[in-house]
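Shown next, in structure tokens, is the structure this report addresses.
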Amino acid sequence: MKRITKIEIDNYKAYVTKEVFELPAGQNLLLYGENGSGKSSLFRALQYFMESSVNGVRHFDNNYYSGRDDGKIEVTFCDYDFVSNSINKATEQIFTATESPATTTTSNPFLKTVYRISGFLDYSSLLRVYLNNGTRPNLFNLIIELISDYIPTRQGLTDTIGAIVNSVNQDIVKCYHRTDKKYGRLKNSYLLLQTAFPNIIADLNVEFSRLMTTYFVGLNLNISLGAANIRLFENGYIRDTHIVGEVYLDVTHYGRHMHEYNNSLNEARLSAIAICLYLASIKLRSVNHDAKVLYLDDVFVGLDSSNRRPVINILLSEFQDYQILISTYDKSWYLLAREMINDNDRWKYKELYEGQTDIAGVILPKPIIVSGNTEIEMARKYLYDGLRPDYPASANYMRKAYEKLLSDKLYRPIILDNDLLPIAAYHISALICRAVDFLRRISDAPYASNILSKLSTLKSHLKPMLHPLSHYAPDEPVYKHELIQAEQLFNEILTLLETADYKHICKVVIPKHGQLLLQIKGRSGWNYNYKFDVEDHLISYTDTSGDKRITDVPLQIVEMIEKKPDGTTQSILYDKNSRIYRTMHYGNIQECVTQIISFLVTPKGGNKHDAIVLPKYSDMFYCINVTALPDPEITFDKVLTSEL
């Protein structure tokens, strides 16, 4: 058995940019989507994808606003074990449908069978059952369409009903005379179908009646498909020859036969009849196959709540071997259906809202997918809910989402406070300030400038997130605009931080308030060791060229040790009250070396013109070998360069 684990839609109908519906364990899907959110576009996208396996490439409905013609629908399947409710990731298969035959990969026997036995039902399809004029409408064409992909092997046929009907209707008109051999072959195909047709409808009726009587007991309806016949219309010219037929619904309500049931029954009963007829046709053509998909889009519109429950019961009881997708614009029904299903292992629950995106400076509508109860998803839910927006709640969740994002994705040592403790998550301003400072220090690292730009923009939208309750104005466009801007930045910052992966390309060489030793030697034998306090983390990182670099970090002198040519030493400790302490404060190791060398060549520095300056300043600095600790006498025996 196989299940869909991912549906990716890009530049199709409502989907202006790529959006992904994740069903990681091959779950069924219950989806709420307000009008304009892309709910029905998802239905059409999966339907187009399946149909392309049989019908090939057709017109692809690119998003109206995108200005692009490179849309695609990509669906991932994996092997699924129903008993353990698990998928095998190693069996993943990805298929793509586009407008181009060169990039479409759906012409596959597996997908063709999936399409033939799957079902796609929306509200407009239901209406065709009962929105017919006249007494006792003829449902022949609708029934043929419903069972067109059915191969009635029990009746001795080896091709689908649709293929037989289409072959006769389309090819028979190409014959020159009714005595042609081709005409005879096509008519024989029709005769086989004519013989089998009553039994096919009888089989369909068994499923249809069973679903109605088992699950809709309270409707007091007795319904069956009757008067099924099929014939070949041969009057007149050959070009007018085609298959016609009759299939009617016999409806009895409270013991009375109803000829005009479509005008007499209420919409709830008519919808129940239509749904059961469609589901019965799917049951009829069902065969053992690796994957079966059943998608229902807004089919509950005409049903009251008491008659919606039986449909859910049918799906849960009769279609366990199908992957079921249900979408609705009715929020109250979505919540009720979620309670009825009450299965978080085999079902995924998602919500769709109409959001916005900025493409080249143009604000365009886009679907917002809410898949769970994470902070950012709750923020989006309250922000984009067209019926009941709650901007203060959105702002509060938005702040928490950013706090979690920065705490989780930034290089952890930079989000420590002055006491080397993690900055409290609710101090988002402090988190952003630390992040900005860090990114400026590694400005030549991958993506640093991009992230810095995004965080700077985010800072301008902080006010409603910091003080959401003091800005409650549901109709205030400025307030809503700031939240939308912050929401749009979230995924951009998340993607950049995950791609940059600073947790792995950065390393603390010397922690904040650790010590660093600068050694300057002279060719005449003199030697000065300067011990510095490192006022922030000294971090090594990889720049955009792949070279190792270290961050600029302030250095404060704490001790100087002079080793004279005769072997004697002199140590001077500096405290905050000494003039030298205030003077010997440097912004980075380069500034430290150059200024000390410049001082040593002056008379006050002893006119030492023979200082040995190494090409890499980091070769002149030493740090403590932490692997040797604890040690009664701490020594600086590790060259800083070796830590890069």
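The values are calculated or read from the model by the stated rules, or taken from the named source; none is laboratory data. Being a predicted model, the structure only gives us computed values, none of them experimental. Positions of Cβ are generated from backbone atoms using ideal geometry, with glycine treated the same way; all protein chains shown enter the neighbour counts. Keep in mind that these areas ignore ligands, DNA and RNA; they rest on the heavy atoms of the full protein, side chains included. Shrake-Rupley method; radii C 1.70, N 1.55, O 1.52, S 1.80 Å.
Take segment 577-605 and flag every residue that is closer than 16 Å to residue 538 by Cα and either open to solvent by less than 70 Å² (accessible area, probe 1.4 Å) or free of Cβ contacts under 8 Å to residues at least 12 places away in the same chain (or both).
At the first step, the residues of segment 577-605 found to be closer than 16 Å to residue 538 by Cα are 585-592.
Of everything in segment 577-605, those that are closer than 16 Å to residue 538 by Cα and either open to solvent by less than 70 Å² (accessible area, probe 1.4 Å) or free of Cβ contacts under 8 Å to residues at least 12 places away in the same chain (or both) turn out to be 586, 587, 588, 589, 591, 592.
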Among (1) in a loop (DSSP other than H, G, I, E, B); (2) open to solvent by less than 10 Å² (accessible area, probe 1.4 Å); (3) hydroxyl-bearing (Ser, Thr, Tyr), the one test that residue 524 misses: (2)
Test: residue 240 is under 27 Å from residue 315 (Cα atoms) and over 46 Å from the mean Cα position of the chain (by Cα): no
Residues (assigned to a helix (DSSP H, G or I) and basic (Lys, Arg)) located in segment 497-520: 503
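Any chance you could count how many residues in segment 312-334 are touching a strand residue (DSSP E or B) at 6+ places or on another chain (Cβ under 9 Å), of a type in the set (A, V, I, L, M) and in contact (Cβ under 8 Å) with a residue 40 or more places away in the chain?
Our first condition is that a residue be touching a strand residue (DSSP E or B) at 6+ places or on another chain (Cβ under 9 Å); within segment 312-334, this holds for 312, 315-316, 319, 322-331, 333-334.
Add one more test, that the residue is of a type in the set (A, V, I, L, M), and what stays is 312, 315-316, 324-326.
Cutting the leftovers down to in contact (Cβ under 8 Å) with a residue 40 or more places away in the chain gives us 324-326.
The number of residues fulfilling the criteria is 3.
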Pick from segment 13-39, criterion assigned to a strand (DSSP E or B), open to solvent by 10 Å² or more (accessible area, probe 1.4 Å) and not acidic (Asp, Glu), ranking: nearest to residue 98 (Cα to Cα): 20
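Residues that are part of a strand (DSSP E or B), more than 23 Å from residue 305 (Cβ to Cβ), open to solvent by 70 Å² or more (accessible area, probe 1.4 Å) and modelled with pLDDT of 85 or more: does segment 228-238 have at least one? Steps first, please.
As a first pass, look at segment 228-238 and keep what is part of a strand (DSSP E or B): 228-233.
If we keep only those that are more than 23 Å from residue 305 (Cβ to Cβ) as well, we get 228-233.
Filter once more, keeping what is open to solvent by 70 Å² or more (accessible area, probe 1.4 Å): 231, 233.
With the extra rule that they be modelled with pLDDT of 85 or more, the set shrinks to 231, 233.
Checked against the condition, which is being part of a strand (DSSP E or B), more than 23 Å from residue 305 (Cβ to Cβ), open to solvent by 70 Å² or more (accessible area, probe 1.4 Å) and modelled with pLDDT of 85 or more, segment 228-238 yields at least one hit.
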Filter pass, residue 89 being open to solvent by less than 70 Å² (accessible area, probe 1.4 Å) and among the basic types (Lys, Arg): no
Among the candidates 341, 282, 314, 359, residue that is under 30 Å from residue 63 (Cα atoms) and hydrophobic (A, V, I, L, M, F, W, C): 359
Yes/no for residue 558 being over 34 Å from the mean Cα position of the chain (by Cα), open to solvent by 20 Å² or more (accessible area, probe 1.4 Å), of a type in the set (A, V, I, L, M, F, W, C) and under 24 Å from residue 405 (Cα atoms): no
Residue ranges of helices (runs of 4 or more DSSP H) in segment 93-176 with at least 2 members within 23 Å of residue 323 (Cβ to Cβ), open to solvent by less than 70 Å² (accessible area, probe 1.4 Å) and hydroxyl-bearing (Ser, Thr, Tyr): 109-117, 123-130
